[in-house]
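Since the structure comes first, as C-alpha cells, the remarks are kept for the end.
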Amino acid sequence: MPSAKTLPPLTGEAAEREMRRLTRRSFVTGGLAALAGLGAWRWLTTASPEGGLPWPLRRALRFNQWLGESLFSSGRLAPTFPDASVQGSPRTNGLVGLDGDIDPAAWQLRIQHEGRGGEHVLRLRDVQALPRMDLVTELKCVEGWSEVMHFGGVSFRDFVTRFGLATKSGQAPDAERNPQDLYRYVYLATPEEDYYVGLDMESAMHPQTVLCDTMNWQPLTGQHGAPLRLYLAVKYGYKSLKRVGLIRFQDERPADYWADRSYDWYAGL
C-alpha cells in the first residue's frame, strides 16, 4: 500500500502567506460567530416578557419544572455523607426576615389550612418532642456554590402526621390511600412574612425535608434561622426558609419570594 505523500514544510514567503490566510479565515469565522451571538442575545433580551423574564427563558424554566416533577420520586434521595465530611462553620447567606432577636421560649409557629378555619399554634417544645432525625448532605445554592452540612431536627412528614396537618379532613395524611385529602401546596414564611416560600406537597413530604433546630450539631444561630428553619435536600437553598413562623396548607399555588423576582418557582435539583 503506498504511503501518504509528505508535504515539505513551509518556509519563508510561503509560510507567511499561509499564516495570513489562516489569520484572515480565523478573523472572519470569529467575527461571524460574535455577530451571531450578539444577534441571539439581542433577540433574547428584546423578546416579549412573560412572568418578568423574556419568554424563551420563562419557558425554559417551565420545561425544567415539568422535567423535575416528572422525575420526582419520594424514593429518590439526595446523596448523604459521613459526619467527617462536614468542615468548619456553615456559610451565612440571605438575611431577609431575620431582623431582631427571637426568644425560643416565646416563639410560636402558626399553622393555617385553607378552608378549614381557625389557626393552630405550636411551641418549639411541641416540635422538639417528635422523633429526631439527622441528615448530612449537600446544600446547593443557585449562585453556584455548595456545602456539605449537617441538619438536625424532625422530619416534616412526621411533623404533619403527628399533628394532623396538611389534610382537608384534619386526619393524619395518607398520600397512598387517600391522596385527595392532601392539600396540593404549602406556604411557609418568617414571622412577619418578610421572606416566604411556596412548595409543592410532594417535595414538602419528601423523607429528606427537615424542620431543623441544629446545624453542624450546634443550635441554630439568628443568622441561620433560630429557633426553627426548613431544609429541603431536593431543592436549591433559597427554598430552605429560615426562621419559620407561619405554615399554611392550600390548593392554590402560593407566592414565593424569589419567584416574585423572576426566579424558578419549583427550584428542583
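Every read-out reported here was derived from the displayed coordinates using simple, explicitly stated rules and does not represent laboratory data. All values reported here derive from a predicted model rather than from experimental measurement. FYI the Cβ positions are ideal-geometry reconstructions off the backbone, even for glycines, and counts take in every protein chain you see.
Taking region 205-269 and the strands (runs of 3 or more DSSP E) fully enclosed by it, the elements with 3 or more residues that are among the aliphatic types (A, V, I, L, M) are at 209-215. Of everything in region 139-172 that is closer than 13 Å to L232 by Cα and assigned to a helix (DSSP H, G or I), the residue that is nearest to the chain's Cα centre (by Cα) is F156.
Every residue, every condition in (1) over 24 Å from W265 (Cα atoms); (2) aromatic (F, W, Y), yes or no:
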residue: T80; (1), (2): yes, no
residue: G97; (1), (2): no, no
residue: W107; (1), (2): yes, yes
residue: R110; (1), (2): no, no
residue: R116; (1), (2): yes, no
residue: R123; (1), (2): yes, no
residue: Q128; (1), (2): yes, no
residue: V136; (1), (2): yes, no
residue: F151; (1), (2): no, yes
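Does D194 qualify as being surrounded by fewer than 20 Cβ atoms within 10 Å (Cβ to Cβ) and among the charged types (D, E, K, R)? Answer is yes for this residue.
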